[in-house]
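Engineer: Below is one structure. I have some questions about it.
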Amino acid sequence: MAAPGHKLRPPLPKYWGFAAMFLPIKDQAPDRPYNAWVTWSLVAANVLVFTQTGADNLPVWIKYGFIPASGTLETAFTSMFLHADIMHLLGNMWFLHIFGDNVEDKLGRAGYLLLYLGWGVAASLAFLLLGGPGGEVAGHTPEEVEAAWRTLPLVGASGAIAGVMGAYLVFFPRARIRMVWWLLVFLIPFSLPSLVVIGMYFVQDLLLGALQQGGTGGVAYAAHTGGMLAGIAAALALKPFLRGGPHTAWDRDTGFAPGGAAAEVAFDPRRPEPPRTIPMPDLRDQLVGAVLDGRMDLALELYGRWIGEPRLEVLPPHVEIEVAHEILRRGRVAEAMEAYRRFLGSHPRAAEAPEAKFRVGLIYAKAEGDAAEARRWLRQAAEEHPDPATREFVRKELLRLEG
């Protein structure tokens, strides 16, 4: 959400600081049949409005934007479908695309739409109450600054989207968000829990809102903060009522549902249950938590217990593949081979499956000396792997093996 620039102060760039260098790419949610029709309809509506109004359309902003001196409930609603420029629109829709679908899944389409609109209105009210001039502008009296702020139209969907992010934070605090660090000309991928990612955005808006001098243009940080607090409050109130139905493993892994309550474990009735330090219903959640927290020594210990007995439930693909990678990094090649083969048996169509096939092929080629098996696995990796550099490496390795 942005307050378009005024002559007293030029507009600030959108999301400088953390968001300019760190960009979320996607969350590690599983594929599911649910279609986020409301999220995509909101994206389409915002794009459609922008194609009709264009960028820097001050007459439209004054008519339909939220102006502190004369704002109404109607303009608080219409302002969230206006955007200052194409980058403002694209940034907001990208964040809505990443965080909206899972929140819509839990709230239901009607509830999600009503809350989204409510969060947008709450963001406008927060801007009205908290976003006023907070400092001085050189060459202007406080009265001039106050008058300028009160006539600035507020536009943008980011207050409502901040509410979506606040709800996501409460619903899925342990969900992993895939990020990219834009460092000059380099793009460095990594992942963090949503608690960290969204928490950093929240702290950024608090700090920049406090430092924003004069409040007469640029990014409306108070609206972001108000929208996110509204989303957090709504999610905290609703989450206990939404956790009663059947839950997936992802719900438990990410913190939406109580961990381990629905875990299904298969026991062999012909032998007594061996003693365990960690109760079986909690073992899966302990293992997932250890991987997500980066405690790989503990994760490998728990993984050894996990594979020690047959069971009905499987590990999340991103957890199981990370365990296999860690085993290989530690030089335990035979165990890594078994871990990758076990992963492929559980998740043959997962996004990480081509990488697992690539690693299996390399182990056969480099460690086992089995050229036939290496070629079989590497041919699959050459066809399926999404990374062009990896596919080129695999082709060269196949040429070497066939020569």
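The values are calculated or read from the model by the stated rules, or taken from the named source; none is laboratory data. On a predicted model such as this, the values are computed, not experimentally measured, just so you know. Glycine gets a Cβ as well: all are built from the backbone with ideal geometry, and neighbour counts include every protein chain shown.
Engineer: Among the residues in the stretch 308-316, are any assigned to a helix (DSSP H, G or I), on the phi < 0 side of the Ramachandran plot and modelled with pLDDT under 90?
Structural biologist: We begin by selecting, within the stretch 308-316, every residue assigned to a helix (DSSP H, G or I); these are none.
No; the residues of the stretch 308-316 include none that is assigned to a helix (DSSP H, G or I), on the phi < 0 side of the Ramachandran plot and modelled with pLDDT under 90.
Engineer: Sticking with this one: Taking the options R400, R349, R329, name whichever one is within 24 Å of E301 (Cα to Cα), surrounded by fewer than 18 Cβ atoms within 10 Å (Cβ to Cβ) and free of Cβ contacts under 8 Å to residues at least 12 places away in the same chain.
Structural biologist: R329
Engineer: If you don't mind, there's one more thing I want to ask. Give the stretch 202-222 a look and list any residue that's part of a helix (DSSP H, G or I) and modelled with pLDDT under 90, or say none. First the steps, then the outcome.
Structural biologist: So in the stretch 202-222, the residues part of a helix (DSSP H, G or I) come out as 202-211, 221-222.
Scanning the stretch 202-222 gives Q204, D205, L206, L207, L208, G209, A210, L211, Y221, A222.
Engineer: When you scan the stretch 134-145, do you find a residue that is closer than 19 Å to L206 by Cα, modelled with pLDDT under 90, surrounded by fewer than 17 Cβ atoms within 10 Å (Cβ to Cβ) and small (G, A, S), even just one?
Structural biologist: Yes; the residues of the stretch 134-145 include at least one that is closer than 19 Å to L206 by Cα, modelled with pLDDT under 90, surrounded by fewer than 17 Cβ atoms within 10 Å (Cβ to Cβ) and small (G, A, S).
Engineer: Would you check if L96 is out of contact with any Ser or Thr (no Cβ under 6 Å at 6 or more places or on another chain), within 22 Å of M179 (Cβ to Cβ), surrounded by fewer than 21 Cβ atoms within 10 Å (Cβ to Cβ) and not acidic (D, E)?
Structural biologist: no
Engineer: Could you tell me whether the stretch 114-124 includes any residue that is under 30 Å from F186 (Cβ atoms), among the β-branched types (V, I, T) and either without any contact (Cβ under 8 Å) to a residue 40 or more places away in the chain or not assigned by TED's automatic domain parsing to the domain that holds H318 (or both)?
Structural biologist: Scanning the stretch 114-124 turns up no residue that is under 30 Å from F186 (Cβ atoms), among the β-branched types (V, I, T) and either without any contact (Cβ under 8 Å) to a residue 40 or more places away in the chain or not assigned by TED's automatic domain parsing to the domain that holds H318 (or both).
Engineer: Assigned to a helix (DSSP H, G or I), under 24 Å from V323 (Cα atoms), of a type in the set (D, E, K, R) and modelled with pLDDT of 90 or more: does that describe R359?
Structural biologist: Yes.
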